[in-house]
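**Q** First the structure, then my questions, so here it is.
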Amino acid sequence: MTKASRDLDLRKLEIFYWVAELHSFSLAAKHFSLRQPTVTAHIRTLEQQLGSRLFTRFGGKFDLTPAGWLLYEQAGAVLKLKNQTLAALERIQGKVEGQLRVGGSNVPGEYILPGMLGSFVARFPDVRPVLRIGDSATIVGAILDGAVELGFTGFRTHERWLSYRKTWQDEMVVAVPANHPWAGLKQVALQDLGKHPFIAREAGSGTLRSFQQLVVKGGHDPERLLKVGMELGSTAAVKEALMEGLGFSILSRAAIRREVQHGLIREIRIEGLDLVRPFFRVTHRDRPLAPVPRAFVQFLGRAPQPHLWQGAYYS
């Protein structure tokens, strides 16, 4: 090993780590806001400095060499120590600054996180949040790809690279327009759900998946219970369809709070079925959180729980 190879550039090491972690030069370039040729040049320089190939390339794909695997494992430990050191220094200095990349499925992304991020920025004005919103499946994919550092979703997958922690609690209800035949009811029987068109969210929706799981636990087949009239790609679209009188849906109480307050939508319980579900904070098991997302996690631990169930409460 030459003297030059003993003076590793931490920036190049970090770029190498994310290329290996994301299995993509282009995604790593996006992660660092660099052009892909710049990332490639950094890797080439690092290989020259170490005197060893880090990647093998074949058929348009690449994999790590034995030296690459060794460097990848050590780089992860080095970067974890770097983040821990920065976090410790920032705690001493009282400084939290930089970008915060967060992903939220539709309910937490649209109805919880904006307020939480606003409170966080009020406490740490040098932080710039970037909030990505999609269905739960999309947010899980964004965490795996490294596009976001923290995610908040309505269901938990079996992906072994991810870690889930219950953060908030939500309740789902039957949502109907104010002129619906069920509008004056406090509850509806489960077997009656098939009597009216159901307005569904897309398959990746955490709300829909949570409802299906709870119904299955009760010994019922959700496919037979519901007569799907249409499938829409967002909670906002579902609410518009409801207010047009096109059917009913199963939605989070947090998502319809304002419409309920203004008398545009009514919420009804399903008789004998408890539709309470958790929201999860999702992180990658093998990627240590940087100081800013770590500070946000600590902030959430101290912040009051959001009032997800505000609105017309049941008597």
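**Q** Give the residues of the stretch 146-177 that are outside any strand (DSSP E or B) and in contact with a Leu (Cβ under 6 Å, 6 or more places away or on another chain), sorted by residue number.
**A** Once the filter is applied, which keeps residues that are outside any strand (DSSP E or B) and in contact with a Leu (Cβ under 6 Å, 6 or more places away or on another chain), the stretch 146-177 yields only Gly146.
**Q** I need the full set of residues from the stretch 142-196 which are in the same structural domain as Met116 (by TED's automatic domain parsing) and free of Cβ contacts under 8 Å to residues at least 24 places away in the same chain, in order please.
**A** Selection gives Thr157, His158, Glu159.
**Q** Tally up the residues in the stretch 31-61 that are touching a residue at least 40 places away in the same chain (Cβ under 8 Å) and surrounded by fewer than 16 Cβ atoms within 10 Å (Cβ to Cβ), please.
**A** 1
**Q** Among the residues of the stretch 26-61, count how many are of a type outside the set (Lys, Arg), under 29 Å from the mean Cα position of the chain (by Cα) and farther than 15 Å from Glu14 by Cβ.
**A** 2
**Q** Within the stretch 62-80, take every residue that is touching a strand residue (DSSP E or B) at 6+ places or on another chain (Cβ under 7 Å) and within 17 Å of Asp9 (Cα to Cα) and give me the one that is surrounded by the fewest Cβ atoms within 10 Å (Cβ to Cβ).
**A** Residues of the stretch 62-80 touching a strand residue (DSSP E or B) at 6+ places or on another chain (Cβ under 7 Å): 62-65, 68, 72.
Subsequent filtering for residues that are within 17 Å of Asp9 (Cα to Cα) retains 68, 72.
Details: Gly68: 23, Tyr72: 16.
Restricting to residues being touching a strand residue (DSSP E or B) at 6+ places or on another chain (Cβ under 7 Å) and within 17 Å of Asp9 (Cα to Cα), the top hit is Tyr72.
**Q** Looking for whichever is at pLDDT 90 or above, charged (D, E, K, R) and assigned by TED's automatic domain parsing to the domain that holds Leu10 here; the options are Arg101, Arg44, Arg57. Which one fits?
**A** Details: Arg101 fails: assigned by TED's automatic domain parsing to the domain that holds Leu10; Arg57 fails: at pLDDT 90 or above.
One residue alone meets the criteria, Arg44.
**Q** Write out, first by first residue and then by second, each pair whose Cβ atoms fall under 6 Å of each other, whose residues are 6+ apart or on separate chains, and whose first residue, in the stretch 208-221, is in the same structural domain as Leu251 (by TED's automatic domain parsing) and more than 13 Å from Gly154 (Cα to Cα) while the second is part of a helix (DSSP H, G or I) and not hydrophobic (A, V, I, L, M, F, W, C).
**A** Val215/Pro222
**Q** Hey, can you tell me all the residues within the stretch 226-241 that are of a type outside the set (Lys, Arg), in contact with a helix residue (DSSP H, G or I) (Cβ under 8 Å, 6 or more places away or on another chain), surrounded by 17 or more Cβ atoms within 10 Å (Cβ to Cβ) and within 17 Å of Met172 (Cα to Cα)?
**A** Hits for the stretch 226-241 are Leu226, Thr235.
**Q** Is it the case that Ala255 is in contact with a strand residue (DSSP E or B) (Cβ under 8 Å, 6 or more places away or on another chain) and of a type in the set (A, V, I, L, M, F, W, C)?
**A** Details: in contact with a strand residue (DSSP E or B) (Cβ under 8 Å, 6 or more places away or on another chain): no; of a type in the set (A, V, I, L, M, F, W, C): yes.
So Ala255 does not fit the description; no.
**Q** Which condition breaks for Ile143 when tested against (1) crowded, with 19+ Cβ neighbours inside 10 Å; (2) within 30 Å of Gly229 (Cα to Cα)?
**A** Tallying (1) crowded, with 19+ Cβ neighbours inside 10 Å; (2) within 30 Å of Gly229 (Cα to Cα), Ile143 fails exactly one: (2).
**Q** Here's something else I'd like to know. For Tyr17, state whether it is within 24 Å of Ile143 (Cα to Cα), at pLDDT 90 or above and in contact with an Asp or Glu (Cβ under 9 Å, 6 or more places away or on another chain).
**A** no
**Q** If you don't mind, there's one more thing I want to ask. Please determine, by comparing only the residues of the stretch 255-304 that are surrounded by fewer than 18 Cβ atoms within 10 Å (Cβ to Cβ) and without any contact (Cβ under 8 Å) to a residue 60 or more places away in the chain, which one is nearest to Leu22 (Cα to Cα).
**A** Gln298
**Q** Please go through (1) more than 30 Å from Asp126 (Cβ to Cβ); (2) outside the structural domain of Ala175 (by TED's automatic domain parsing); (3) not small (Gly, Ala, Ser) for Pro293 and return the number of the only condition it doesn't satisfy.
**A** Failing condition for Pro293: (1).
**Q** Among the residues of the stretch 158-215, count how many are polar (S, T, N, Q), modelled with pLDDT under 85 and surrounded by fewer than 16 Cβ atoms within 10 Å (Cβ to Cβ).
**A** Number satisfying all stated conditions: 1.
**Q** Looking only at strands (runs of 3 or more DSSP E) that lie completely in the stretch 207-313, which have at least 3 residues being within 19 Å of the chain's Cα centre (by Cα)?
**A** 276-284
**Q** Quick one: what pairs do we get from the stretch 67-89, first residue within 16 Å of Phe55 (Cβ to Cβ) and in contact (Cβ under 8 Å) with a residue 60 or more places away in the chain, second among the hydroxyl-bearing types (Ser, Thr, Tyr) and surrounded by 13 or more Cβ atoms within 10 Å (Cβ to Cβ), C-beta under 9 Å, 6+ apart or different chains?
**A** Ala75/Tyr17
The values are calculated or read from the model by the stated rules, or taken from the named source; none is laboratory data. Bear in mind that the values here come from a model prediction, so they are computed numbers and not experimental data. Every residue, glycine among them, receives a Cβ derived from its backbone with ideal geometry; neighbour counts consider all protein chains shown.
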